1. With the condition kept exactly as written, say whether any residue in the stretch 323-330 is part of a strand (DSSP E or B) and at pLDDT 90 or above.
2. Against the conditions (1) without any contact (Cβ under 8 Å) to a residue 60 or more places away in the chain; (2) part of a helix (DSSP H, G or I), where does residue 72 fall short? Just the number, please.
3. Suppose the filter is in contact with a helix residue (DSSP H, G or I) (Cβ under 7 Å, 6 or more places away or on another chain) and surrounded by 12 or more Cβ atoms within 10 Å (Cβ to Cβ); does residue 94 pass it?
4. Which residues, taken from the stretch 65-80, are surrounded by fewer than 21 Cβ atoms within 10 Å (Cβ to Cβ) and over 15 Å from residue 138 (Cβ atoms)?
5. From the set of residues in the stretch 129-166 that are farther than 30 Å from residue 199 by Cβ and more than 13 Å from the chain's Cα centre (by Cα), which is modelled with the highest pLDDT?
6. Counting only residues that are part of a strand (DSSP E or B) and closer than 19 Å to residue 241 by Cα, which one in the stretch 11-50 is nearest to the chain's Cα centre (by Cα)?
7. Can you name every one of the helices (runs of 4 or more DSSP H) wholly within the stretch 180-295 that holds 3 or more residues which are buried (at least 21 other Cβ atoms within 10 Å of the Cβ) and in contact (Cβ under 8 Å) with a residue 24 or more places away in the chain?
8. Restricting to the stretch 75-97, give me the number of residues that are part of a loop (DSSP other than H, G, I, E, B) and touching a residue at least 40 places away in the same chain (Cβ under 8 Å).
C-alpha cells in the first residue's frame with residue numbers, strides 16, 4: 001500500500017473530520033507528507049474537504065475509481081475480499097493479467113480492475129477499447145473444482161450479475177441478449193468474455209472478463225447505433241466502484257448456487273426474466289444454415305430453447321442469435 005492509499009483508507013473509515021496531525025501520527029509521516037498525499041488524492045478525483053481547526057474529510061468518491069473505492073464498497077465473502085483486489089490504471093487486458101497472476105500462484109477470487117485497457121478483446125477476437133475514465137474493465141480469476149463442461153455457463157452468471165448491478169446502481173432496466181450481452185433500450189452496454197485453461201480433465205483456472213460502458217459519450221460510426229453507456233442512458237455519471245462491488249456481490253451469490261447444483265436449474269427463471277430473447281422472433285446463425293424461430297428461454301444447461309416453424313424444438317448451445325428489434329435486425 002502507498003502512503004496515499006493508507007491516507008484514503010483512513011479517511012474513508014472516519015466518521016467525521018480528521019486533523020492533519022492525527023493523520024500524521026497515525027501513518028507515522030510528516031504534516032507536509034500528509035498535505036502532498038491529500039493533493040495527489042484530489043488529482044485522482046477524490047473530493048476532500050479541508051476546514052481550519054477541524055482537518056480533512058472525504059465528501060464524495062463517486063467519480064473515483066481505484067483500489068480504495070472498490071474495496072470500500074465491496075461486501076463479498078470471498079470474491080475480491082481480504083485484499084484480493086488489484087487495480088491497475090492502464091493495462092493491456094485484465095483477462096491477460098488474471099492469467100499471468102494465476103500462473104504466478106494467485107488464488108481463487110482475485111478481482112482485477114483497470115481504468116483503461118489497450119488490448120481488450122471480445123468474442124471471436126473483436127477489439128474492445130475506449131478512452132480512459134469511461135469504462136469498467138474487470139476480470140475475475142476463479143479456480144472451480146467442477147468438470148470443464150460446466151464452465152461456459154459461468155458466462156451467463158456474469159450476465160445476470162451485471163444486469164442486476166446496473167439495475168441496482170443506475171436504476172436502468174438492463175436486459176440480457178442470450179447468452180451474455182447486457183443491453184438497455186436495445187443497445188449493448190456490456191460485453192463479457194470467459195476463458196479457461198484445462199489440464200487433463202480438470203480446470204486450472206477460469207477468467208471472466210467484463211467491459212461496461214459507463215461514461216462513454218460517443219462511439220465509432222460502425223457501432224454507434226448498436227451501443228450505449230450508462231451516462232447516455234441516465235444523463236449522469238455512475239459510480240464505477242459501486243457498480244463493480246454490486247456486480248461482484250451478485251456474481252458471488254449466483255456462483256455459489258451454481259456450484260452447489262452443477263447447473264442453472266435454480267437460476268433459470270431469473271435469467272429468463274431478464275432475457276430479451278424470450279417470446280421474441282430470433283434468427284439463429286447456424287454454420288449449417290441460418291433459420292428463424294421463436295425463442296422461449298434457456299434450459300438448465302444455459303442452452304437457448306427455440307421452436308421452429310415446423311413445430312420442432314432446437315437447443316442452441318453456441319453461436320450468434322439475432323433478436324428482432326435488437327442491433328438493427330428487423
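1. Initially, the stretch 323-330 is screened for residues part of a strand (DSSP E or B), giving 323.
Next, from what is left, pick out any that are at pLDDT 90 or above: none.
No: the stretch 323-330 contains no residue that is part of a strand (DSSP E or B) and at pLDDT 90 or above.
2. With (1) without any contact (Cβ under 8 Å) to a residue 60 or more places away in the chain; (2) part of a helix (DSSP H, G or I) applied to residue 72, the lone miss is (1).
3. In short, no.
4. 72, 75, 77, 78
5. Going residue by residue through the stretch 129-166, those that are farther than 30 Å from residue 199 by Cβ are 129-136, 163-166.
Among the residues that remain, those that are also more than 13 Å from the chain's Cα centre (by Cα) are: 129-134.
Numbers: 129: 56, 130: 59, 131: 66, 132: 70, 133: 77, 134: 85.
Among residues in the stretch 129-166 that are farther than 30 Å from residue 199 by Cβ and more than 13 Å from the chain's Cα centre (by Cα), the one modelled with the highest pLDDT is 134.
6. 47
7. By residue number, 240-261.
8. 7
The values are calculated or read from the model by the stated rules, or taken from the named source; none is laboratory data. No experiment lies behind these values; they were computed from the predicted model shown. Quick reminder, even Gly has a Cβ in these numbers, built from the backbone with ideal geometry, and neighbours come from all protein chains shown.
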